[in-house]
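> One structure, as structure tokens, below. Some questions next.
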């Protein structure tokens, strides 16, 4: 007998995964919601423009090291992102990274009541460095941000505009926070493409719901292999 129980996501925190008995019904319900939105003329495809750029969000030790704050396995997200990175570089397209502009002297915000940062002074210089698996090149800009969105309080929009970018491919973490906020801000000026396997977070439910929201309202969530295939076409053009 074939086991039709849907598999959990390959990333996230064990204590924040969906119960096995809910995973199938939830995914079926999300697909039903998608169909209802499509009937209402939501969720059309934006597609690729002529000048894509890649933005890799927050793939640094603070978010990836399971012994630090988030405490979840995101290796599959890093691996998929590296595949997109390779194809982007081969196509000769712009690459940007983000990480937190950490400064312990910053005044606290109201959100700090909800989210308390635990950044030991002895590690603050290393926690927000990019993961070495990304093999960042000197010509690839790191955008240091203080907010969830890579656009808020930075000059990312101006840099993308100066390069005549019309499409932003977004990878990284976390789906319901920095990825979502960045996609929300990007959609006013850029086509947004999200490689499905190259984004993730700690909570399975929050990931699934926000991926649907992004795909319905903000951009195109696509299989990573399809994004890579398009990049290869650009590189061979």
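What follows is calculated from the coordinates using simple rules that are stated; it is not laboratory data. Predicted model only: the values in this text are computed from it and were never measured. Neighbour counts are summed over all protein chains in view; Cβ atoms, including those assigned to glycine, are modelled from backbone coordinates with ideal geometry.
> What list do you get for 224, 187 if you sort them by fewest beta carbons within 10 Å?
Numbers: 224 20, 187 16.
With the fewest neighbours first, 224, 187 line up as 187, 224.
> Please work out, to two decimal places, the log10 of the ratio I(q)/I(0) at q = 0.11 Å⁻¹ from a Debye calculation in which every Cα of the chain carries one identical scatterer.
For the chain, the Cα-only Debye profile gives -0.58.
> To continue, here is another question. Where in the stretch 153-191 does the amide nitrogen come within less than 15 Å of the point 7 Å from the Cα of residue 139, taken along Cα to Cβ?
163
> Right, another one. Once label points are set 7 Å from the Cα along Cα→Cβ at both residue 36 and residue 126, what is their separation, rounded to one decimal in nm?
With each label placed 7 Å out from Cα toward Cβ, I get 5.0 nm.
> Can I ask one more? Can you give the FRET efficiency for residue 157 and residue 116, using 1/(1 + (r/R0)^6), R0 = 35 Å, r = Cβ-Cβ distance, to the nearest 0.05?
0.70
> For the chain, what does the relative contact order come out to in percent, with C-alpha contacts under 8 Å and a separation of six or more? Provide the component values of the computation, followed by the final result.
Numbers: 389 pairs, mean separation 67.2, N = 237.
Dividing the mean separation by the residue count of the chain yields 28 percent.
> Which residues does the label zone of residue 225 cover in the stretch 79-99, counting backbone N under 16 Å from a point 7 Å along Cα→Cβ?
80-81, 83-84
> Let me ask something additional. Tell me, what is the FRET efficiency for residue 103 and residue 46 to the nearest 0.05, using R0 = 30 angstrom and their Cβ-Cβ distance as r?
On the way: r = 36 Å, r/R0 = 1.20.
Given R0 = 30 Å and the Cβ-Cβ separation, E is 0.25.
> How are the alpha carbon pair distances in the stretch 61-178 distributed across 5 Å bins from zero to the largest one, expressed in percent?
Reading upward from the zero bin: 2, 9, 19, 23, 21, 14, 8, 4, 0.
> If one computes the Cα centroid of the stretch 26-45 and of the stretch 95-145, what distance in Å separates the two points?
35 Å
> Another question, then. Given the Cα-Cα distance of residue 76 and residue 22 and 0.36 nm per residue of separation, how much length would full extension add, in nm? Present the calculation step by step, with values, prior to reporting the outcome.
Values: separation 54, 0.36 × 54 = 19.44 nm, distance 2.28 nm.
Residue separation times 0.36 nm, minus the Cα-Cα distance, leaves 17.2 nm.
> Arrange the peptides 93-105, 22-34 so that the one whose residues have, on average, the most other Cβ atoms within 10 Å appears first.
93-105, 22-34
> Of the residues 163, 127, 74, which exhibits the maximal mean-square fluctuation in a Gaussian network model of the chain defined by a 10 Å Cα contact cut-off?
It is 163.
> Here is a further query. How high is the FRET efficiency from residue 29 to residue 217, r the C-beta distance, R0 25 Å, rounded to 0.05?
Values: r = 18 Å, r/R0 = 0.71.
With R0 = 25 Å, the Cβ-Cβ based efficiency is 0.90.
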